[in-house]
Amino acid sequence: MTERDPIKVYDARWLVDELSQEGVRRLVEATLIYGRLLGVDTVTICRDARIGSGAVMELALETALRAGLNVFLCADPVSTPQSYFASFRVSAEHPGTMGLTITASHNPASYVGLKVVVPPAQAIGLECGPLGGFRRIRDIFHSRETLARSGGGALRVQSLANEYVEFSLRAAGVPEGSLEGIPVVFDFFNGSAGPEMMDALQRAGASVLPLRLVPDGNFPTGSPNPTSAGKMGKAVALAKETGGAAVVGTDGDGDRLVFGDGNGILSAGMAAIPILRHAHPGGAHEKQAKVLHDPKVNPLALAEWAGLDVAPVLFRNGHSHIKEHMRSIDALAAVEESGHFYHRLRDGERTIYAENSLVTILLFLRSLKERSSLMDELWETQNRVFTTGEFNYQLENNQMRDAALEKALQCFSEEGAAVTSRTADGMDLMGFFVRGGITLNTGEPRTGWYQVYIRIATNEKAVIRSYVSADDPEVGLRKEKGLRDIFTSFGGRVID
């Protein structure tokens with residue numbers, strides 16, 4: 001196999017001109033061979049709006065039908081969360097359902113990719129999922145194994161947008177019209193989620209001022225990532241100008257969200273506070289519900305979570321790994337500072353652990369409707385936290401990278417900070433979590449606390465990614481400068 005390997009940690013992703021048509025066909029074939037090993041007889045195929053998705057969908061459809069699989073096709077662009085819902089819904093009648101989502105998330109228009117769920121609507125990643133997940137698909141991709149042709153498959157073209165909206169409104173406990181009077185400035189970044197999100201918010205009664213609503217896979221204003229610096233500037237300015245109560249932004253495939261108002265954008269940990277107030281479907285409040293969080297969520301946000309009778313659980317970054325751990329401990333929700341929110345959602349006797357951005361947005365606005373002082377309270381807490389955002393350095397080689405990382409961790413240890421690379425139950429954080437002045441995830445930290453997360457990039461050579469938060473800007477800036485000085489002294493250069 002001469003094709004470049006497209007498989008990453010959480011999905012497959014590649015530049016449109018990087019993989020030939022036969023390479024894409026082989027990737028789909030390898031994925032379906034893997035599905036056959038799991039007893040898959042049915043496939044849902046969905047796509048986002050990006051320019052490369054249509055061609056990949058055609059190849060996926062041809063390959064699945066040739067293999068004799070039943071195919072449920074959503075030909076129109078939809079969000080990734082809606083695609084997960086499609087697999088979940090179809091699996092009610094066809095338990096052996098695999099879901100293929102053609103998307104490259106927040107990446108530029110020149111990228112395309114493939115996300116996969118297996119029965120029962122379970123996300124896979126590299127070494128995550130049955131038989132090793134994408135690791136097994138990679139092995140098949142590079143092998144000579146072929147997908148046997150078979151008859152008996154059938155195609156059904158479907159649209160579940162209306163059903164998805166209705167399910168999400170029920171799950172969030174938001175009756176139609178109940179958000180009347182809530183003004184929202186919403187930037188959709190020309191992604192595929194715009195129409196379904198507008199439909200849901202209009203049904204709920206919110207007054208939405210949309211930006212970049214029409215799906216356009218060329219992404220004419222740049223990469224569709226609301227968490228990038230300055231990307232939400234127009235929405236924030238409009239909210240300030242018009243008195244909008246809330247600002248929301250989403251990415252190209254609708255699984256990444258930011259929240260704020262005319263004052264700016266909240267951190268995900270802070271935005272999660274109102275979401276968790278009503279996160280249990282039906283409004284019931286679960287005693288000490290477990291909620292996963294990544295190492296970037298600051299301790300003041302976690303202290304607020306604890307006040308909601310939530311038990312924060314530290315976990316590593318990574319979509320498929322987070323959802324798998326949610327499943328293993330039956331967690332209520334999960335939050336990543338990258339703007340990803342996950343929910344445990346019920347449909348009768350069945351449960352899915354996945355992103356549902358409609359539920360996330362509706363829960364946030366429901367709290368805002370019920371609590372007029374909400375945004376002021378969130379900003380009062382967030383303004384007590386200094387954050388650097390993620391800053392990245394590339395070293396000459398992996399040896400220099402590792403030496404720079406070792407030096408940074410040594411300096412933190414010498415000043416008495418707690419340094420760990422594992423969670424309390426021994427799971428690898430895929431990075432190093434540094435805490436000073438913090439003794440408990442759920443306790444109010446003493447004055448002078450700081451928190452650092454440092455990790456090695458999984459897809460780029462010799463890159464270190466760092467993130468610092470602190471209660472005192474001087475402390476935070478000092479920690480940031482210390483890290484930058486170390487990385488520079490080892491020959492590192494700043495990259496995006």
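Take region 474-496 and flag every residue that is in a helix (DSSP H, G or I) and of a type in the set (Phe, Trp, Tyr). Scanning region 474-496 gives a single hit, Phe487. Going through (1) surrounded by fewer than 19 Cβ atoms within 10 Å (Cβ to Cβ); (2) charged (D, E, K, R); (3) touching a strand residue (DSSP E or B) at 6+ places or on another chain (Cβ under 8 Å) one by one, Lys231 falls short only on (1). When restricted to residues that are farther than 15 Å from Gly264 by Cα and within 28 Å of the chain's Cα centre (by Cα), region 385-397 contains 7. Within the bounds of region 414-429, is there any residue that is more than 25 Å from Ala301 (Cβ to Cβ) and either surrounded by fewer than 15 Cβ atoms within 10 Å (Cβ to Cβ) or of a type in the set (A, V, I, L, M, F, W, C) (or both)? Yes: one or more hits. Tally time: how many residues in region 45-98 are in contact with a Phe, Trp or Tyr (Cβ under 6 Å, 6 or more places away or on another chain), in contact (Cβ under 8 Å) with a residue 60 or more places away in the chain and under 18 Å from Ile124 (Cβ atoms)? Going through region 45-98 one residue at a time, the tally reaches 1.
It is to be established whether one or more residues within region 356-373 are in a loop (DSSP other than H, G, I, E, B), crowded, with 23+ Cβ neighbours inside 10 Å, in contact with a Ser or Thr (Cβ under 7 Å, 6 or more places away or on another chain) and assigned by TED's automatic domain parsing to the domain that holds Ala268. Scanning region 356-373, I find at least one residue that is in a loop (DSSP other than H, G, I, E, B), crowded, with 23+ Cβ neighbours inside 10 Å, in contact with a Ser or Thr (Cβ under 7 Å, 6 or more places away or on another chain) and assigned by TED's automatic domain parsing to the domain that holds Ala268, so the answer is yes. For region 234-243, state whether one or more residues are closer than 17 Å to Met198 by Cβ, crowded, with 24+ Cβ neighbours inside 10 Å, assigned by TED's automatic domain parsing to the domain that holds His293 and touching a His at 6+ places or on another chain (Cβ under 6 Å). No, region 234-243 has no match at all.
Here Gly205, Gly244, Gly252, Gly264 are screened, and the one residue that is in contact with a Gly (Cβ under 7 Å, 6 or more places away or on another chain), touching a residue at least 12 places away in the same chain (Cβ under 8 Å), at positive phi and not polar (S, T, N, Q) is Gly205.
With the requirement that a residue be over 11 Å from Gly249 (Cα atoms) and not small (Gly, Ala, Ser), what does region 198-212 give you? If the condition is that a residue be over 11 Å from Gly249 (Cα atoms) and not small (Gly, Ala, Ser), then Met198, Asp199, Leu201, Gln202, Arg203, Val208, Leu209 are the ones that fit. Residue count for region 325-355, restricted to those that are in a helix (DSSP H, G or I) and farther than 14 Å from Ala123 by Cβ: 1. Only one entry in Leu114, Leu69, Leu37 is touching an Asp or Glu at 6+ places or on another chain (Cβ under 7 Å), more than 21 Å from Asp253 (Cβ to Cβ) and outside the structural domain of Met326 (by TED's automatic domain parsing), namely Leu69. Of note, Leu114 satisfies the criterion of being in contact (Cβ under 8 Å) with a residue 60 or more places away in the chain, under 13 Å from Thr31 (Cβ atoms) and not in a loop (DSSP other than H, G, I, E, B). The residues of region 164-195 that are acidic (Asp, Glu) and surrounded by fewer than 23 Cβ atoms within 10 Å (Cβ to Cβ), listed by number, are Glu166, Glu176, Glu180.
Residue-wise test of (1) closer than 27 Å to Asp17 by Cβ; (2) surrounded by 24 or more Cβ atoms within 10 Å (Cβ to Cβ); (3) touching a His at 6+ places or on another chain (Cβ under 8 Å).
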| position | (1), (2), (3) |
| --- | --- |
| Gly39 | no, no, no |
| Leu59 | yes, no, no |
| Leu65 | yes, no, no |
| Tyr84 | no, yes, no |
| Arg89 | no, no, no |
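The values are calculated or read from the model by the stated rules, or taken from the named source; none is laboratory data. All values derive from a computational prediction rather than experimental measurement. No Cβ is skipped: glycine too gets one built from the backbone with ideal geometry, and neighbour counts run over all protein chains shown.
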